[in-house]
């Protein structure tokens, strides 16, 4: 045991003398987590779109254009649109600078054209640098057009009266002719009110809730989801690097020299596996500490999570013990190690959310440590004990260890 | 101290050691000479305990060398590979390797300082080994093998690939260690090294010892005569006729052909007289080579090939 600890201590001292590889492997997952979190996290807590900037050019200045302007002034619309009334020259300049999502131009004579039931056009100029917001404006104006057209047709008789009002001074309007027209309009509005007030079809806003899902995901939640996957991926890289001594010592004669001393082969093998395990736990805990301090990650009950970390690091050390027992040399280990780790990470959910993966990927993911660690971490986050993950990682780790030790021992003595 | 009996080791059909036997006394420095593939490294590996599956016995002070792991504390190994950690300094390497032996912790540091002084690396103790020259690395490699004061020191070609100064330094260390009572087995290709360093020399090939003894004892195997090769413009018959009355115990005609002859001369003072006789008989001599007896001659005679073949 004394010699085992001596070898372990020597390995740790050597790796601490050249810590850059470890530092980089710790920094990369944290940076990636930060970047991915910042890019994909929700922008606001409500999940609503930001107000859409709209420029409104009223060349008509008539009844209908006032109606359109007024429609943007309703409370609901105020939240959705931020309207600026301007002229066409200023509007074009602002659009050029990208200051608005769209510009709506109400042409001169728009009201008259409507009242005389002549086709007319509302012009919507869209900002090409924006993807969705100009379309929202376009859809809104199209709906407005349909509503106005419908209203003009439904009240065609009454509109004639309005047309007369617009032709000349009010004193010249023969009021006796208008009376019956307004009377009809009153009856139509009363009839419509029966159906429109209250509206038969209402709209209720609601979000679906998956079992166990939170109603809203915050920035912190995103980090909590991403970091465990990143951490286990880089744990694999780090432990592989640290345990490469199993090969390098064999290749350059240091293992043979160790075996000329009273040290036993099992002590050398044990020191390397224990070293990979202990250093793996230490590195994961450093990542956890950073995640907590920098990203305010919620890991759940720390005892449960620590247990998961210890078991995952054990699995990793056992896996790379067997891996290094089977490969021939450092070149082969380098060539095979990275693709294996990347495959584990791809199928295991370190690179993308398992829920959006193809079914086949998810099925393969079951044999990866990443999947079990990520699933376990998710359970711990919810305050639950990750029993399945612990059992799978521990049992498969023990099987790997049972295969690795005799193989390494045999190769050490050849 | 060390007794090896009928040690046999094969790699498939290749026999690396063939009923190899050897005795080694305390303070004796044995030089093991042999070409590549002679079995030297296999022997050192078995004695070091890193090779298994052999037959024969090896006893150290009457105890089976491989039955008692603590005996490893009494054996020092200097392998052919530079087997230490390049990223650590010399002192840390010594403390680590010394720690693997049962050197008391209190003595380890003091012993490491002493041994660094012995191999002339005391001034570089805290420097990372990766900055060392090849010769300094060889000396550190030797120091690691000596740190725990072994009773038996095994060195596998410890002077390969280093400059003359470092080589002299290592050979001095080996001589001093032997003089201090440590038994040493030292394998090499270099004849000059064993001539100047070893109290006994064993010549091995194909896994067996062909001859062993002190330098003088080995020279006697080929006799102590100089070999003289004469090239010139002469007929074989005329050459033999010219030296007919000189042939005897001092001058032996080994081979004669047209324009080339070979003689064995026990007294080098006879060579000028041989040349006079050839000139008197008007035999033109264009080249003369005198080969004094040495290990190369012994090796050639025993194995039929040069040491570097």
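The numbers here are math on the coordinates, done by the rules we state, and not lab data. Since the model is a prediction, treat every value here as computed from it, not as a measurement. Note: ideal-geometry Cβ built from the backbone for every residue, glycine included; neighbour counts use all protein chains shown.
Each residue, residue B:275 and residue A:82, gets one label point 7 Å from its Cα in the Cβ direction; the gap between the two is 11.2 nm. Between the range A:20-40 and the range A:237-308, how far is it from one alpha carbon centroid to the other, in angstrom? Answer, in whole Å: 20.
Using the Cα coordinates of the range A:288-414, the gyration tensor eigenvalues translate into equivalent-ellipsoid semi-axes of 28, 18, 14 Å, sorted from longest to shortest.
Pop the C-beta distance of residue A:328 and residue B:110 into the FRET formula with R0 = 51 Å and round what comes out to the nearest 0.05. Approximately 0.75, to the nearest 0.05.
Could you work out the helix-only [θ] at 222 nm for the protein assembly as shown, with each DSSP H run of four or more residues adding -39,500 (n - 2.57) and the total divided by the number of residues, to the nearest 500 deg cm²/dmol? Rounded to the nearest 500, the figure is -17000 deg cm²/dmol.
The mean count of C-beta atoms from other chains within 10 Å of the C-beta of residues in B:68-77, rounded to a whole number, is 2.
For the range A:52-154, a/c is not less than 1.5, where a ≥ b ≥ c are the root eigenvalues of the C-alpha gyration tensor, and a/b tops b/c. That puts it in the prolate class.
Reported to the nearest whole Å, the Cα centre-to-centre distance from the range B:11-74 to the range A:88-138 is 97.
With contacts taken as Cα pairs under 8 Å and at least 6 residues apart, chain B reaches a relative contact order of 21 percent. For the range B:225-292, the relative contact order is 50 percent, taking Cα pairs closer than 8 Å that sit 6 or more residues apart in sequence and dividing their mean separation by the residue count.
Viscosity 1.002 mPa s, temperature 20 °C: what is the translational diffusion coefficient of the range A:207-356 from Stokes-Einstein with a Kirkwood Rh over Cα pairs, rounded to a whole number of µm²/s? Stokes-Einstein gives a translational diffusion coefficient of 124 µm²/s.
Working from Cα pairs under 8 Å separated by at least six residues, relative contact order for the range B:1-136 is 20 percent. Using the alpha-carbon positions of the protein assembly as shown, Rg (one decimal) and Dmax (whole number) come out as 47.2, 172 Å. Applying 1/(1 + (r/R0)^6) with r as the Cβ-Cβ distance of residue B:246 and residue B:6 and R0 = 41 angstrom yields a FRET efficiency of 0.25. For the range A:63-106, a/c is not less than 1.5, where a ≥ b ≥ c are the root eigenvalues of the C-alpha gyration tensor, and a/b does not top b/c. That puts it in the oblate class. Any idea what diffusion coefficient the range B:2-220 gets from Stokes-Einstein, in µm²/s, Kirkwood Rh on alpha carbon pairs, 37 °C, 0.692 mPa s? Answer from the Stokes-Einstein relation: 185 µm²/s. Between residue A:302 and residue A:388, the simple spin-label model (points 7 angstrom out along Cα→Cβ) gives 2.8 nm. Between residue A:343 and residue B:176, the modelled label-to-label distance comes to 5.7 nm, taking each label 7 Å out from Cα in the direction of the beta carbon. Could you give the Stokes-Einstein D for the range B:225-292 in µm² per second, using the C-alpha Kirkwood radius, 37 °C, 0.692 mPa s? The Stokes-Einstein estimate is 284 µm²/s.
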